[in-house]
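Any read-out appearing in this document is the output of simple, stated calculations on the displayed coordinates, not a laboratory observation. Treat the numbers as computed from the prediction; the structure is a model and nothing was measured.
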Amino acid sequence: MSGSRCWCAGLGVPERSSPERASADGVDTSVLKQAVELVGGRAKTEASGNVTLETCAAIAASGCDYISSGALTHSVTALDISFNVELDL
């Protein structure tokens with residue numbers, strides 16, 4: 001491989017592997033865009049971390065394939081449901 005590098009080497013992935021998805025967690029949108037360009041369509045890309053309704057459009061503009069947001073569940077109140085069932089067999 002003289003003079004060339006595996007596309008995943010820049011991501012710290014062993015050359016023999018072919019990941020299906022590359023995830024970038026909590027990175028700036030300019031870094032995310034560079035990561036998407038580095039992957040070059042060879043794997044699906046996912047952005048997560050610091051994702052809110054306010055940042056979602058800029059993250060999507062980076063070209064990543066998926067956006068994960070914990071903000072959807074961080075403010076949800078838990079609901080504990082119990083089913084007590086008696087069976088007369």
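Could you calculate the contour length gain from V31 to I67, that is, 0.36 nm times the residue separation minus the distance between their Cα atoms, to one decimal place in nm? All intermediate terms of the calculation are to be shown ahead of the outcome.
Numbers: separation 36, 0.36 × 36 = 12.96 nm, distance 1.50 nm.
This chain segment gains 11.5 nm when fully extended.
For the stretch 41-53, putting each phi into the Karplus relation 6.51 cos²θ - 1.76 cosθ + 1.60 with θ = phi - 60° gives couplings of x, 6, 8, 6, 10, 9, 10, 8, x, 6, 8, 9, 4 Hz, in residue order, rounded to whole numbers and with x for Gly and Pro.
The mean sequence distance of close C-alpha pairs (under 8 Å, at least 6 residues apart), as a share of the length of the stretch 22-71, puts its relative contact order at 42 percent.
Over the stretch 22-71, what portion of Cα pair distances is larger than 16 Å, expressed as a whole percent? Provide the component values of the computation, followed by the final result.
Details: 302 of 1225 pairs.
Here the tail beyond 16 Å accounts for 25 percent of pairs.
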